[in-house]
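Only one structure is covered here, and it is reproduced in the block below.
The values are calculated or read from the model by the stated rules, or taken from the named source; none is laboratory data. Computed from a predicted structure; not experimentally measured. Note that each Cβ is placed from the backbone with ideal geometry, even for glycine, and that neighbours are counted across all protein chains shown. Side chains are part of the model used for accessible areas, which takes the heavy atoms of the whole protein and leaves out ligands, DNA and RNA. Shrake-Rupley method; radii C 1.70, N 1.55, O 1.52, S 1.80 Å.
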Amino acid sequence: MSAEKSALSTPIVIGNWKMYKGISEAESFVKDLLDQLPNPSITVGLAVPFTLIRPVALQLKSSSVLTGAQNMHEASEGAYTGEIAASMIQDAGASFVILGHSERRRYFHETNQQINLKVKKAISSNLYAVLCIGETWDERQEGKTEDVLRKQILEGLEGVDISPYLLVAYEPLWAIGTGVTALPEAIQSVVAFCQSQFIQLFGESGSAIPLLYGGSVKPENCEELLAIPAVSGLLIGGASLTVDSLAKIIEIASVARKSSE
Ligand code: PEP
């Protein structure tokens, strides 16, 4: 796998719809989003439930907005009832997948080892893999943030070659869905630590891995989050469920890009 830079232009704004929306609701969302922003100048992705990949991807076909999944199995195919393969989500129209989200780790007991296999499978399938990492509030209070992230990075990326298909999202668990955003200074030191881990693993090309921040991102705070050096984009849960707030974040991110050029 080459060490070339990610083909995705930054900032990258990814909405994670989690287990929300049926087909008609998703279709009217996408229609409204495209009416407001037919072709965003930055990378925008919607990580949707499996049942929505096909309809959303069809609607987004002539736009630059990417469709993604929120999980997948690491095997190519097999007797794994209830699971879905990388090739299946690609076939349905997904070009990226979120892996190791804290809700997968917490409610479905996904381990770093399982997530590592998924990351390898996604990358070797030319699917963009967004590996999620983050510490709990207790871990932060106990001064264990770096230890937790180091373990998630080393184990999650064990044996992974540097690839333009690899992205990482730092999402402190205490900021997800809580309305509490981490302070920019705190995020800056954590993302700098993550980058130092990438460089240890992959050499200097590790610094090109796009690093997203996630955790209660909204239109009101996205500008200062995007201004943090080394933050290449945002992973957004709640605020990606309404067109107006997602469109606002995309607009602010597009301006942030122009002013940094
Ligand atoms: C997420 O689910 O990845 C997330 C960041 O959620 P929220 O934006 O709602 O905190």
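In the chain, which longest range has no trypsin sites (Lys or Arg not before Pro) that are both DSSP loop (not H, G, I, E or B) and surrounded by at most 13 other Cβ atoms within 10 Å?
62-261
Please compute the alpha carbon radius of gyration of segment 140-187, then divide it by the globular-protein estimate 2.2 N^0.38 Å. Two decimals is fine.
Its radius of gyration relative to the 2.2 N^0.38 Å reference: 1.37.
I need the fraction of alpha carbon pairs in the chain separated by more than 23 Å, rounded to a whole percent.
Summing the P(r) tail past 23 Å for the chain gives 47 percent.
With charges set only on the Cβ (+1 for Lys and Arg, -1 for Asp and Glu), what does the dipole of the chain come to about its Cα centre, in debye to the nearest 20?
380
Would you mind calculating the relative contact order of the chain from Cα pairs under 8 angstrom and at least 6 residues apart, reporting the percent as a whole number?
Relative contact order for the chain comes out at 22 percent.
For Gln59, what is the net charge nearby, where nearby means another residue's Cβ is under 14 Å from its Cβ and Lys, Arg count +1, Asp, Glu -1?
Taking every other residue near Gln59 into account, the sum is 0.
Hull surface divided by four, with the convex hull built on the Cα atoms of segment 136-261: how many nm²?
Dividing the Cα hull surface by four gives the mean projection, 8.0 nm².
Using the Cα centre of segment 84-137 as the reference point, and only Cβ charges (+1 on K/R, -1 on D/E), how large is the resulting charge dipole? Debye, rounded to the nearest 20.
In debye, rounded to 20, segment 84-137 gives about 120.
Using the structure shown, select from Lys120/Lys248; Lys121/Lys248; Lys118/Lys151; Lys18/Lys121; Lys18/Lys118; Lys151/Lys248 the pairs with a Cα to Cα distance greater than 28 angstrom.
Among Lys120/Lys248; Lys121/Lys248; Lys118/Lys151; Lys18/Lys121; Lys18/Lys118; Lys151/Lys248, the Cα-Cα distance tops 28 Å for Lys120/Lys248; Lys121/Lys248; Lys151/Lys248.
Please report, in debye to the nearest 20, how large the charge dipole of segment 151-261 is about its Cα centre when each Lys and Arg carries +1 at its beta carbon and each Asp and Glu carries -1 there.
Computed charge dipole of segment 151-261: roughly 120 debye.
May I have the extent of the alpha carbons of segment 109-158 along their three principal axes, as whole Å values ordered from largest to smallest?
So the three principal-axis extents are 39, 18, 16 Å.
Using a Cα-Cα cut-off of under 20 Å, which aspartates and glutamates could be cross-linked to Lys61, ignoring same-chain neighbours fewer than 8 residues away?
List returned: Glu25, Glu27, Asp32, Asp35, Asp91.
Might you tell me the accessible area per residue for the chain, computed with a 1.4 Å probe and given in Å²?
45
Once phi is turned into θ = phi - 60°, what whole-Hz ³J(HN,Hα) does the Karplus curve with 6.51, -1.76 and 1.60 give for every residue of segment 84-92, x standing for Gly and Pro?
Once θ is set to phi - 60°, the couplings for segment 84-92 become 9, 9, 4, 5, 6, 6, 5, 4, 6 Hz.
Please state the equivalent ellipsoid semi-axes for segment 1-142: what are the square roots of 5 times the Cα gyration tensor eigenvalues, largest first, in whole Å?
25, 18, 17
Based on the alpha-carbon gyration tensor of segment 201-261, what equivalent-ellipsoid semi-axes (square roots of 5 times the eigenvalues) come out, in whole Å, largest first?
23, 14, 9
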